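Here is the structure we will look at.
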Amino acid sequence: MTITAKPMGPIPPEFAGGGALTIAGQGFEHWIEAAGSTPAYVHDMTVVSARIARLRAALPAQVDIHYAMKANPLPALLARIAPLVNGLDVASAGELAKALAAKDPRHISFAGPGKRDIELEAAIRARATLNLESEGEATRAIAIGDRLGERPRLAVRVNPDFELKGSGMKMGGRPSPFGVDVERVPALVARIVSSGAEWRGFHLFAGSQSLDTMAIIETQAATIDLAARLAQDAGVEPPLVNLGGGFGIPYFAGDEPVDVEAIGASLGEALVRRSGVLSGSGFAVELGRWLIGEAGIYLARVVDRKESGGEVFLVVDGGLNHHLAATGNFGTVVRRNYPVAVAGRIGAAVEEVVSVVGPLCTPLDRLADRVALPRAEVGDVIAVFASGAYGASASPAAFLGHPPVMEVVAG
Ligand SMILES: *Cc1c(COP(=O)(O)O)cnc(C)c1O
């Protein structure tokens, strides 16, 4: 019986050269030693720096780049990214504390529903910007500011009346826990301004993981138009319009990267055309996975090689406890294969069809389903690419009690 291989996503070009995998100029075993053992995430800063530089060159000069920290909050990585971007966007007091160690609070903004009073207070004390998700949150933030004798820096997150097409996770155009519905925004802005708080502007985020360049371009143009309409109705200029992000990266077979140069050029044209009410505003995009996703590699060692029912299973020393997304259990409907390889033999001839499974007692723990690879033996290392975003911090590390994953920053 021959088993048909299922497709997998493209290995990012930086790592697709033949032979043993090198990361930031060193062989992968060097980085496993630096991490201490497998399983390990290795994040290649040379790739991150190149992505940020490319985006910077593509975007109009007046558009800032923010890093959305929830994509990967690893402090060693954050310390390296923070100086390369204009701002950090956080979504909890825990992320805020890490961000404050890396960036001036004037360049930190805090979004996310359900901010507790102690979180609002931490942001107000630190003088970070709060992206308010509701009228109730505004009331509490203003009251906390009064109590502390501090002037809160407040922006309004808008629930846009459109969504980012082709986006893996839609966050606009429907009833939502995120942001304030468009028709209620002007009144809220007026209330913020009259409270004496420092008015910081609008935050709009219409979706995530879109590979549709045209859809991103149209969404950005619609976002600028909406911000102008809201500013007009509220009667105040927004100092900053955070346009959101949503740039996806290729994970699966057939995925094509977004064209950031085309996005930058169109954004430049949209800004030239913008309404006069936004003439003094600054702009930002906030990105997580596009900046770091392709820079990260999950490395796990083969512990057992077994056959069952005519199929080969490579059992590796980590799985969904460290990398839920690669097993298809984080925000995907259909399970598809991330790019994987035998780390010692990138590009070598395919010899067999195997499934790569983790050590957890659940059939969900499958890093690769029936992929064609060169033959791997016990002791070989399997690399899962496109693993820099939504990895360790987005995985159930405590499930089954295996050791936590090691993480190192390379380069
Ligand atoms: C998650 C999130 C991001 C980052 O999304 P990516 O797909 O990682 O770029 C940006 N902004 C907000 C508001 C988010 O919730």
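The values are calculated or read from the model by the stated rules, or taken from the named source; none is laboratory data. From a predicted model like this one, the values you see are computed outputs, not experimental measurements. Positions of Cβ are generated from backbone atoms using ideal geometry, with glycine treated the same way; all protein chains shown enter the neighbour counts. Accessible surface areas use protein heavy atoms only, side chains included; no ligands, DNA or RNA. Shrake-Rupley method; radii C 1.70, N 1.55, O 1.52, S 1.80 Å.
Some observations on this one:
- The portion of the accessible surface of region 1-113 made up by carbon and sulfur, rounded to a whole percent, is 58 (1.4 Å probe; DNA, RNA and ligands excluded).
- What region 280-361 shows is 32 Å² of accessible area per residue, with the surface traced by a 1.4 Å probe over protein heavy atoms.
- Candidate cross-link partners of K165 among the lysines, defined by an alpha-carbon separation under 26 Å and a same-chain spacing of 8 or more, comprise K70.
- Lys/Arg +1, Asp/Glu -1 at C-beta; the chain dipole; positive extreme among I297, F202, I3: F202
- Note on the chain: helix-only mean residue ellipticity at 222 nm, from DSSP H runs of 4+ residues weighted -39500 (n - 2.57) and normalised by residue number, equals -8000 deg cm²/dmol.
- Cα→Cβ-extended label distance, 7 Å offset, between R184 and E351, nm: 6.2 nm
- Taking each residue as 0.36 nm, the span from A398 to T332 lengthens on full extension beyond its C-alpha to C-alpha distance by 21.6 nm.
- Rounded to 5, percent antiparallel among DSSP beta bridges of the chain: 40 percent
- Translational diffusion of region 261-411, µm² s⁻¹ [Kirkwood Rh, Cα pairs; Stokes-Einstein; 25 °C; 0.890 mPa s]: 140 µm²/s
- Coordinate range of the alpha-carbon atoms in the chain per principal axis, descending: 71, 42, 38 Å.
- Computed E for L364/D225 - FRET, C-beta separation, R0 41 angstrom, nearest 0.05: 0.45
- Overall form of region 1-105 per C-alpha gyration tensor (a/c, 1.5; a/b vs b/c): prolate
- Summarising the label geometry, the points placed 7 Å from Cα in the beta-carbon direction at A262 and R375 lie 4.5 nm from one another.
- Region 22-93 and region 213-230: distance between their alpha carbon centers, rounded to Å: 27 Å
- Taken about its Cα centre, the chain carries a charge dipole of roughly 600 debye when the Cβ of each Lys and Arg holds +1 and the Cβ of each Asp and Glu holds -1.
- Packing-based ranking, highest mean first, of 340-353, 128-141, 387-400 given that Cβ atoms within 10 Å are counted: 128-141, 387-400, 340-353
- Cα-projected label distance for A20 with R273, points at 7 Å along beta-carbon direction, nm: 5.4 nm
- Projecting the Cα atoms of N72, A227, W31 onto the charge dipole of the chain, computed from C-beta unit charges around the Cα centre, puts A227 farthest toward the positive end.
- For region 286-348, the dipole from Cβ point charges (+1 on Lys and Arg, -1 on Asp and Glu) about the Cα centre works out to 80 debye, to the nearest 20.
- Carbon + sulfur, % of accessible area of region 307-408 - ligands and nucleic acids excluded, 1.4 Å: 59 percent
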